[in-house]
Amino acid sequence: MPSKPKWSFSESCRRCPRLARYLERVRAEHPDYHARPVPPFGPQRARVLIVGLAPGKHGANRTGRPFTGDFAGILLYEMLHEFGFASRPVSVSASDGLRLVDCRITNAVKCLPPANRPQPIEIRRCNPYLAEEIGWLPPGAAILALGTVAHAAVLMALGVARREYPFGHGARHELPRRLALYDSYHCSRYNTQTKRLTPAMFRSVVAAIRTYLSCPKTLSASPAGPHGRKGGR
């Protein structure tokens with residue numbers, strides 16, 4: 001079995017002073033919270049990489065696992081389980097026994113940002129971590145970007161022009177290294193409660209990824225570029 005690739009990420013990272021100071025305050029207020037950079041969840045060489053925005057204050061920032069313990073993870077893990085990417089449909093804590101199957105979840109920014117809004121420079125400083133993760137993906141893998149920030153972070157990590165791959169819910173893009181980028185609105189409480197993102201809409205995206213993985217060559221046979229709803233988070 002090949003050894004795991006070396007990774008530069010550390011939970012003691014302080015590349016972003018504003019975020020580091022904010023996490024110190026959160027740890028003081030909630031000493032039982034993880035309140036540190038949140039590592040990805042799932043196997044390193046998975047064929048699906050899901051990229052979110054950043055840890056939620058009372059979700060991943062509390063539990064130490066992406067999309068775990070808050071509203072945003074409800075729809076995500078339900079769909080991952082439905083399509084065979086997760087061992088159970090509910091993610092409660094980092095010790096609940098849930099396993100991801102051929103799937104990995106990460107964030108564009110690994111630290112909790114104030115008001116859930118990372119600054120552009122913080123996204124750039126964190127981007128090398130994401131670039132490393134994308135570098136581990138096998139040819140033919142799929143990346144699911146949840147929202148415009150995640151979409152842009154993926155393109156930044158690959159060094160490709162954002163204007164050539166506009167975000168649109170349900171869009172699919174052919175990227176370098178035979179990677180497929182799928183876009184979805186973020187499964188946040190706001191988006192799901194306002195019906196900007198419905199379970200049916202999200203299910204169709206995850207289903208498309210499952211179909212693609214069964215025959216990844218079909219991507220290059222399809223018209224390149226997005227074919228989904230434009231704009232939004």
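The values are calculated or read from the model by the stated rules, or taken from the named source; none is laboratory data. Predicted model only: the values in this text are computed from it and were never measured. We place every Cβ from the backbone using ideal geometry, glycine too, and count neighbours over all the protein chains shown.
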Residues of region 83-97 satisfying the condition of being surrounded by 14 or more Cβ atoms within 10 Å (Cβ to Cβ), in a loop (DSSP other than H, G, I, E, B) and among the hydrophobic types (A, V, I, L, M, F, W, C): F83, F85, V92, A94
Residues satisfying the stated conditions in region 186-228, i.e. modelled with pLDDT of 95 or more, touching a strand residue (DSSP E or B) at 6+ places or on another chain (Cβ under 8 Å) and hydroxyl-bearing (S, T, Y): Y212
Condition met for L100 (free of Cβ contacts under 8 Å to residues at least 60 places away in the same chain and touching a Phe, Trp or Tyr at 6+ places or on another chain (Cβ under 7 Å)): yes
Residues that are small (G, A, S), in contact with a Cys (Cβ under 9 Å, 6 or more places away or on another chain) and either part of a loop (DSSP other than H, G, I, E, B) or at pLDDT below 95 (or both), drawn from region 36-68: G42, A46, A54
Enumeration of residues in region 105-129 that are over 22 Å from P43 (Cβ atoms) and of a type in the set (D, E, K, R): R117, E122, R124, R125
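Okay, residues lined up against (1) buried (at least 23 other Cβ atoms within 10 Å of the Cβ); (2) within 25 Å of P89 (Cβ to Cβ):
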{"residue": "R178", "(1), (2)": "no, no"}
{"residue": "D183", "(1), (2)": "yes, yes"}
{"residue": "C187", "(1), (2)": "yes, yes"}
{"residue": "A207", "(1), (2)": "no, yes"}
Scan of region 44-60 for residues that are within 16 Å of S91 (Cβ to Cβ) and surrounded by fewer than 24 Cβ atoms within 10 Å (Cβ to Cβ), ordered by number: H58, G59
Qualifying positions in region 107-160 - hydroxyl-bearing (S, T, Y) and surrounded by fewer than 21 Cβ atoms within 10 Å (Cβ to Cβ): T148
